[in-house]
Amino acid sequence: MKEILYILTTILFFSCTEKTKINQSENTQIKEEIFYNDTINSSQPIKISQQEKEFNDFLESIKKFKLQPIDTILISYETKQLEEYEIGKNSIKIFKKDSLNIDWIKINSNRIIIEKLKSINPRIDNEYEEMFCNNVQKVKLYNFNNDEIIFIEFTSHPCTGLGCSVTDYLIYDVKNNQVNLFGNFRTADLDLYNFPIDSNLNYISTEYQGDFHGATPIHFISKVYSLDKNGKFHLKKDLKGKDYFYKISTFPNDKTKAFEYERNWF
């Protein structure tokens, strides 16, 4: 179980996908190495397999493509009907019809009706959903190719049950006045990238597949999206028409294996 918790914690800090399926049936000898996970217990060593180490090295390798925001705002929760924020030269207003559920978001002069938004990615089991969260937690501003990109992270407050594991990400192209909504469950996709697969801004979004309570294997499928010239994100594919992705599978009720992954990457 500690191995699974280590994997999930790692995914929370990184998010991304050579079609290389690592299969536990290959009878390759698994080497054990000891790593320390500060987020669990800095004095408690956690053993992970060579496969997991290779995957963590892969996640580490994508960090060099991560873009740094030029400004960031961290926001504490307050019960307000109208919230107002400034980042760079941009203004953000969020109106809640009952001080809890968001009715609209206005970025500069563009008012966005929330009920008309739908996620670009499937959040859970191939489902494309409406915006779920109601609480702004973080706003970041990026400058990319003479364009400004606003990244807003939403959580739920107050949250109960599975809703506490849901996040929404609104990515706004300022030049094109274009909004993109991504949904997330039990992971975190908090960064923008510039991968050498194109000259565009890239984002990695993760889909959750499996039983919520771990009765069946759980899959986290992270795919790469690319921002087009009109400010809209599209799923990025390789020259063979296959998605760029990486997939993690965990097996909470299977003592014979704990982890598998496959990927199609550049």
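Laboratory data are not the source of any read-out in this text; all were calculated from the coordinates shown. None of these values were measured; they are calculated from a predicted model. Heads up, the Cβs are rebuilt from the backbone with ideal geometry, glycines too, and the neighbour counts pull from every protein chain shown.
So the values come out like this:
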read-out	value
The range 198-266: C-alpha gyration tensor shape, a/c 1.5 cut-off, then a/b vs b/c	prolate
The range 150-199 versus the range 202-265: alpha-carbon centroid distance in Å	16 Å
Exceeding the 28 Å Cα-Cα cut-off - candidates Lys80/Lys236; Lys63/Lys97; Lys106/Lys247; Lys116/Lys140; Lys66/Lys242; Lys97/Lys236	Lys80/Lys236; Lys63/Lys97; Lys106/Lys247; Lys97/Lys236
Under Karplus coefficients 6.51, -1.76 and 1.60, residue-wise ³J(HN,Hα) of the range 82-96 in Hz, glycine/proline x	10, 10, 9, 9, 10, 9, x, 9, 9, 10, 10, 10, 10, 10, 10
Neighbourhood charge, 12 Å Cβ-Cβ cut-off, centred on Thr79 and excluding it, Lys, Arg +1 and Asp, Glu -1	-1
Neighbourhood net charge (11 Å Cβ-Cβ; Lys/Arg +1, Asp/Glu -1) for Lys89	-3
Relative packing of peptides 238-249, 76-87, 56-67, 170-181 - highest average C-beta neighbours within 10 Å first	170-181, 238-249, 56-67, 76-87
Local net charge near Ser226, Cβ-Cβ under 15 Å (Lys/Arg +1, Asp/Glu -1)	-2
Protection-proxy order for peptides 133-140, 47-54, each taking the mean of Cβ atoms within 10 Å per residue, highest first	133-140, 47-54
